[in-house]
Amino acid sequence: MTTMITEVYEALVDAGATSDKAIKAAVAVSELENKYDVVSNELKLHRWMLTVLMTGVGSLVWKTFFSG
């Protein structure tokens, strides 16, 4: 199922593009937004994993150098 961003479609038609070209461009922009959302979610997961990893490393360094 393809989705289209109507604002992009209307702007392209107002700018003089044909209806077919405007539809294809609006669908392409929509697909890029979907890909961006997937990458954004993956980066959130990686940021969380890095935080957990750095907390573990920090606790080991603290234990090694600062406990009696």
Positive-end extreme of charge dipole, the chain - chosen from 17, 6, 66 (charges on Cβ) = 66
Largest to smallest principal axis extent of the C-alpha atoms in region 6-66, angstrom | 69, 14, 12
For n ≥ 4 DSSP H runs only, could you compute -39500 (n - 2.57) per run for the chain, divide by its residues and tell me the 222 nm figure to the nearest 500?
-> -30000 deg cm²/dmol
Cβ-Cβ FRET estimate between residue 30 and residue 51, R0 fixed at 22 Å, reported to 0.05 | 0.10
Quick one: putting +1 on the C-beta of Lys and Arg, -1 on the C-beta of Asp and Glu, what dipole do you get for region 6-66 around its Cα centre, in Debye to the nearest 20?
-> 580 debye
Relative contact order [Cα under 8 Å, 6+ residues apart], the chain, whole percent = 28 percent
Segment residue 3-residue 15, length gained on full extension (0.36 nm per residue, minus Cα span) | 2.2 nm
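No lab work stands behind these numbers, since they all come straight from the coordinates. Keep in mind that this is a model prediction, so the values were computed, not measured. With ideal geometry, Cβ positions are generated from the backbone for all residues, glycine too; neighbour counts draw on all protein chains shown.
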